[in-house]
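> Sharing a structure with you now.
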Amino acid sequence: MEQSHSDYNGYRDIRLADDVITLRKFTPDDAEDMLAGEDDENVKWLQGGEKSTLESTRRWIEKSSSMMAWQFYDHYTFAIEDNESGKLAGMIDVNAMPDKESHLQEGEANIAYSIHPEFRGKGYAPRAVQRVLIFLSSQHVERALIRVNPENASSVRVAEKCGFTKSGKEWSNPQSGEHFIEFSKDLQHDSYGG
């Protein structure tokens, strides 16, 4: 597993890779591919029912990139790239900024992900989560969380496959009314080389 970090021009460039995928920063050139990979599943489970436009996707990439800048070491949004084809396969977001809105405590990080349709069912989401777990462990995060709608069976399977267990916490989004359950995994720093 490859893991590299470099700082340049105030931007922290982090690449996490295995033999199938690479997690890397988004670039403006990814906007069209990100939008092309959006389908009803992404819109339903990750975007609260709102479809993206090319302009909103560009703004999201710009915001994601600025969050990964040197002053925001607690929020990372990675593009998931297929190593063989070089195609954008999806995204994975990591939020370790504790606050009331995110329901995160100090030492916790929430993981959210989306895989483009042509790459689903090939193990890309579990691979991406595993890369992120190794990275979080090296950052001394104590607990990783995945919060999903219990009706999203695919995402529930990803959490379970990666060794997460139901934490017993659940809540509803006051704006959308969507129900979430929380899966958690305690990170063993020595197991991940952190």
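The values are calculated or read from the model by the stated rules, or taken from the named source; none is laboratory data. Note that the structure is a prediction, hence the values are computed from the model and not measured. These area figures cover heavy atoms from the full protein model, side chains too; ligands, DNA and RNA do not enter into them. Shrake-Rupley method; radii C 1.70, N 1.55, O 1.52, S 1.80 Å.
> Looking at the P(r) of the stretch 95-194, how many percent of alpha-carbon pairs lie beyond 24 Å? Walk me through the intermediate numbers first.
Values: 1056 of 4950 pairs.
That fraction is 21 percent.
> Can you run phi through the Karplus equation (6.51, -1.76, 1.60; θ = phi - 60°) for the stretch 118-130 and list ³J(HN,Hα) in whole Hz, with x for Gly and Pro?
Once θ is set to phi - 60°, the couplings for the stretch 118-130 become 5, 10, 6, x, 10, x, 5, 5, x, 4, 5, 4, 4 Hz.
> Under the rule of at least 5 residues apart or a separate chain, name every residue whose amide H is placed under 5 Å from the amide H of Gly90.
The list, which skips near neighbours in sequence, is Ile80, His116.
> Something else about it: Among Met91, Met97, what's the order by accessible area (1.4 angstrom probe), most exposed first? Present the calculation step by step, with values, prior to reporting the outcome.
On the way: Met91 10, Met97 55 Å².
So, going from the largest accessible area down, we get Met97, Met91.
> Going by amide H atoms built from the backbone, whose H comes under 5 Å of the H on Tyr113, apart from near neighbours?
Long-range HN contacts for Tyr113: Asp93.
> Next question. Past 27 Å, Cα to Cα, is the threshold; run Lys25/Lys122; Lys51/Lys185; Lys51/Lys87; Lys63/Lys169; Lys63/Lys161; Lys25/Lys161 against it and keep the listed order.
The pairs that break the limit, which is 27 Å between Cα atoms, are Lys51/Lys185; Lys63/Lys169; Lys63/Lys161.
> Give a residue-ordered list of calculated ³J(HN,Hα) values for the stretch 139-149 (Karplus: 6.51 cos²θ - 1.76 cosθ + 1.60, θ = phi - 60°; whole Hz; x for Gly, Pro).
8, 6, 6, 8, 9, 9, 10, 10, 10, 9, 6
> Give the long-range amide H neighbours of Lys169: residues separated by 5 or more places, or on another chain, with amide H under 5 Å away, using H modelled in the peptide plane at 1.01 Å from N.
Amide H neighbours of Lys169, under 5 Å, 5+ apart: Glu182.
> In whole percent, and with a 1.4 Å probe on the protein chains, what portion of the accessible area of the stretch 82-153 is carbon and sulfur? Don't skip to the answer; put the middle values down first.
Working: 1390 of 3180 Å².
Roughly 44 percent, rounded to a whole number.
> Same structure again: HN-Hα J couplings of the stretch 162-173 from phi, Karplus 6.51/-1.76/1.60, θ = phi - 60°, integer Hz, Gly and Pro as x?
8, x, 7, 10, 4, 8, x, 8, 8, 6, 10, 6
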